[in-house]
Amino acid sequence: MIYDVVIIGSGLGGLICGRQLAQQGRSVVVLERQHAPGGCLQSYRRGGMDFDTGLHYVGGLDEGQSLHDAFETLGLLRLPWHRLDPEGFDQITIGEQTFPLAEGYERFADTLAAYFPQDRDALQQFVAMLNHLPPMEECAQVNAYDYLTNLFHDPLLVHVVSAAAMKMELRRETLPLFTFAHGLSSYVQSSWRLKGSGNLIVQSLINDIEAAGGVICCNAEVNELKEQEGRIVAARCNNGETYEGRLFISDVHPQLTFSWMPDSTLLKGMFRRRIAALENTFGMFTVSLVIKADTLPYFNHNKYVYRKANVWTFPEEDGVGGVMLSARVPEDGLAFTRQVDLLTPLPWTMCQAWSDTTVGRRGEDYEKQKAQLADDCITLAERVIPGLHNMIERRYTSTPLTWRDYTATPCGSAFGIRKDCHSPLMTMLSPKTPVPNLFLTGQSLVLHGLEGVTRTAFSTLNTIKNYK
C-alpha cells in the first residue's frame, strides 16, 4: 500500500499532524520506534501507578487564550483539566524567600510589585510584552537575559520572573526573548494539570486517528528514507518493513532525520554541516516519588526551589542548585497526593561516561550517581516540604540517557535544538526541507513545550496545504 502520508515519530507533533490529515480523508500511517506511542507525553507504569515523563502542566486553555482554539480543534479540551491556584500557580523560593506567580497579566504584575515596589512600572511593561507577544522577526534577535536586566532595577526580580522557566534552557549568552516570552506567557494566562497521566492526550489523538482510518505502527524504527527522482518514496525500518508514501513528516530530531539519507543528492554539504553543527539544549534528571498515603497534602501549584539567586547559571555549577516540584492531582478526590515529581537540569557531561550503554545495563557507578542526585534533589525540596525524605514510599529516577534511549534525542536534550539570538535563522528551522515531499515538525523547529509543539504542528500542516 502507498500511504498518502507517512509520519515518523508519535510524539505530540506527529500525532497532531496524523489526526488532522486523517480527518481530511488522507491515508495516514504513524511509525513509532518504541513499543508504545506518545514520545515525551507517554507515561510509564510501576507498582500499579502511572508516571509522567515530559508533561507536568500546560497554560492558556481558557476561551480566548493561546491554546484554547487549537485544543478545541483537537478534541483535547474534553480531557479532565484541573486549574492551578490563580493566586500562585507557581511558588518561587530563592534562598529563604518565596514569591507567588499569580494568574492573569495584571495580577501577575501587582503581586510581584508588592515585593518589588520600585519595579512596578517595569513589571507593567513586562506583562504588556507577554500579553502582546512581539512577532518572531522583532524579538528573535533580542537576548532575553539582557532584556530582563535592562528592564528591572532589582537583580533578584530578574531571577524571580525567570525561575519558573526551568521548562526551558536559560542560557544568558544565547536565549532569544522570543523563546523566553512564549515559554512563560500562556502559563500567566492560566495554568492547568491533567487529572490523570499524559497518556490521556496520547490516547485521545490516537483514537481520532484510528477512527478516521489512520494506522499506528509501534516497534517500527526507521533507519532509512529511500529517495527516488528527487523525492522520498519509502521509509525502511529495522524490522524489515517498508512503508511507501507520497508525503513524509518527521517528528524526530532533525539531525537524526537527515542521517537516514546519507546519499541524498538534495541535501548539499553546506546544509548537512549546518544541521550537524546545531547545539542541543540540556537534559533533565527526574525523581518520581511515591508518597505514603495520607502524609502529604496535595499542593495546587508548582514549587521551584533554588539555593540562591543564580537561576540562570546554576546548571553550570556543582551540585543540585535548583529543583522543580510537581504534584499529581489526586484522582480519588481526597486531600492528599501520592505522587510528586522532582526535576533538575543535568548536563550531558554528567552522563557521558555511560553514553555507550543502554537502559538497565549502565552499571553500579551510574546507579550510585543517580541515587546521590536523587538524595540531593529531595534535600533541596525539603526547604519547602520539611520531612519529605520520611514521606517517601519508593522512588524512580531517569536521566538524559533515559530520554536519549526512549526518544532518540541527541544527548537526551529536553527542549531540542538550542535557539540562539545571535543567529536565529540558523537555529530556528522551517517545516520545509530541501526534499520537496519531506516535512519536519516537533520541538526542535521554532518553539518547544506543549504549546510550542502544537503551534509547530499546525505550521507544518499549513506548509503541507500549500504543497503541490
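Each reported figure results from applying straightforward, stated rules to the coordinates on display, with no laboratory input. Predicted model only: the values in this text are computed from it and were never measured. Positions of Cβ are generated from backbone atoms using ideal geometry, with glycine treated the same way; all protein chains shown enter the neighbour counts.
Collect residues whose amide H, placed 1.01 Å from N in the peptide plane, falls under 5 Å from the amide H of Leu296; neighbours closer than 5 in sequence don't count.
Thr337
Using helices alone, I'd like the mean residue ellipticity at 222 nm for the chain: each DSSP H run of four-plus residues gives -39500 (n - 2.57), total over residue count, nearest 500. Mind showing how you got there, number by number?
Details: 16 runs with 152 residues, N = 468.
Counting only the DSSP helices, I get -9500 deg cm²/dmol.
Sorted from fewest to most neighbouring beta carbons within 10 Å, what does the list Arg274, Arg107 look like?
Taking fewest neighbouring Cβ atoms as first place, the list is Arg274, Arg107.
With unit charges on the beta carbons (Lys and Arg positive, Asp and Glu negative) and the dipole taken about the Cα centre of the stretch 272-405, which residue among Ala381, Tyr304, Gln352 sits farthest to the positive side?
Most positive-ward Cα: Gln352.
At 7 Å along Cα-to-Cβ for each site, give me the label-to-label distance between Ala114 and Leu156 in nm.
So the label points at Ala114 and Leu156 sit 1.6 nm apart.
For Ala276 and Arg107 in one chain, what is 0.36 nm times their gap in residues minus the Cα-Cα distance, to one decimal in nm?
Using 0.36 nm per residue and subtracting the Cα-Cα distance, I get 56.4 nm.
Please report the antiparallel percentage of DSSP beta bridges with both residues in the chain, rounded to the nearest 5.
Rounded to the nearest five, the antiparallel share is 70 percent.
Which of rounded, prolate or oblate describes the stretch 1-90 when judged by the alpha-carbon gyration tensor and an a/c cut-off of 1.5?
Oblate, because a/c is 1.5 or more while a/b does not exceed b/c.
How about Lys368: which aspartates and glutamates have a C-alpha closer than 15 Å to its C-alpha, ignoring those fewer than 8 places off in the same chain?
Straight-distance partners of Lys368: Asp376.
On a C-alpha basis, how far is the centre of the stretch 249-322 from the centre of the stretch 1-64 in Å? Whole number, if you could?
Between the Cα centre of the stretch 249-322 and that of the stretch 1-64, the gap is 19 Å.
Which listed residue (Ala113, Tyr147, Asn131) has the Cα farthest towards the positive end of the charge dipole for the stretch 98-169, taking +1 on Lys and Arg C-beta and -1 on Asp and Glu C-beta about the Cα centre?
Value computed over the given set: Ala113.
Could you rank the peptides 238-244, 196-202 by their average count of other C-beta atoms within 10 Å per residue, with the highest value first?
By packing density, highest mean first, the sequence is 196-202, 238-244.
Relative contact order, percent, of the chain when contacts are C-alpha pairs under 8 Å separated by at least 6 residues?
Values: 954 pairs, mean separation 100.3, N = 468.
Relative CO of the chain lands at 21 percent.
Can you tell me how much longer the chain between Glu96 and Arg45 gets when fully stretched, taken as 0.36 nm per residue apart minus their C-alpha distance, in nm with one decimal?
Here the segment from Glu96 to Arg45 would lengthen by 14.7 nm.
Given 0.36 nm per residue, what is the gain on full extension from Asn390 to Thr349 after removing their alpha carbon distance, in nm?
Here the answer is 11.6 nm.
Just list whichever of Lys308/Lys370; Lys419/Lys465; Lys268/Lys432; Lys195/Lys303; Lys226/Lys419; Lys195/Lys308 have alpha carbons separated by over 21 Å in the model shown.
In this structure, Lys308/Lys370; Lys419/Lys465; Lys226/Lys419; Lys195/Lys308 lie more than 21 Å apart at Cα.
Charges at C-beta only: +1 for Lys and Arg, -1 for Asp and Glu. How large is the resulting dipole of the stretch 102-185 about its Cα centre, in Debye rounded to 20?
In debye, rounded to 20, the stretch 102-185 gives about 200.
Only counting other Cβ atoms within 10 Å, I'd like His153, His448 sorted with the fewest neighbours first.
Ordered by Cβ neighbours within 10 Å, fewest first: His153, His448.
With 10 angstrom as the radius, rank Tyr44, Tyr3 by how many other C-beta atoms surround their C-beta, starting from the fewest.
So the residues, fewest neighbours to most, are Tyr44, Tyr3.
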